[in-house]
Amino acid sequence: MINEVNSLALAYIGDAVYELCVREYLLSKKIFKVKNLQQESIKYVSAKGQYKILIKMIDSQFFTDEELNIIFRARNHKIDHRPKSCDVVTYKYATGFEAIIGYWYLNKNYNRINEMLEYIRGE
């Protein structure tokens, strides 16, 4: 099934998985006010935040060649709309970031998702 899923569909599921992981992480930091949760989550889940994280991870050679291929395939996928909150390049990299998370999730590679989360948290 995973081979039938296109890049944007991987990003679609990856977005949901990542959002949930970030929300769980913020609650574990004992942030309980919704306003504060929302403000803090933007650092992680906005396209700009995802772009910054992804570039740092690429530069540190976090990803395998296969994973980079998935990221870049999603980044290069044609988009049908123009993002409002950022430039197109940032948005496309964020799509690649979400796609690799979706790929890991659908392959039940939860260890890789956890490694990514640990990297992001600096653990």
I'd like the residue in the range 91-110 that is hydroxyl-bearing (Ser, Thr, Tyr) and closer than 19 Å to PHE63 by Cα and, out of all such residues, is most open to solvent (accessible area, probe 1.4 Å). TYR110
Residues in the range 22-41 that are open to solvent by less than 40 Å² (accessible area, probe 1.4 Å) and polar (S, T, N, Q) total 1
Determine whether the range 42-61 contains at least one residue that is modelled with pLDDT under 95 and exposed (fewer than 11 other Cβ atoms within 10 Å of the Cβ). no
Given the conditions (1) open to solvent by less than 90 Å² (accessible area, probe 1.4 Å); (2) within 16 Å of the chain's Cα centre (by Cα); (3) within 18 Å of ASN6 (Cα to Cα), which single one is not true for ILE79? (2)
Surrounded by 14 or more Cβ atoms within 10 Å (Cβ to Cβ), assigned to a helix (DSSP H, G or I), at pLDDT 95 or above and in contact with a helix residue (DSSP H, G or I) (Cβ under 7 Å, 6 or more places away or on another chain): is that true of GLU19 in this structure? yes
Condition (residue is in a helix (DSSP H, G or I), β-branched (Val, Ile, Thr) and modelled with pLDDT of 95 or more) applied to the range 105-114: is it met by at least one residue? yes
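The values are calculated or read from the model by the stated rules, or taken from the named source; none is laboratory data. Everything numeric in this text was worked out from a predicted model, so none of it was measured. Here the Cβ is made from the backbone with ideal geometry for all residues, glycine too, and neighbour counts use every protein chain on show. Areas reflect the complete protein model, heavy atoms only, side chains present, ligands, DNA and RNA absent. Shrake-Rupley method; radii C 1.70, N 1.55, O 1.52, S 1.80 Å.
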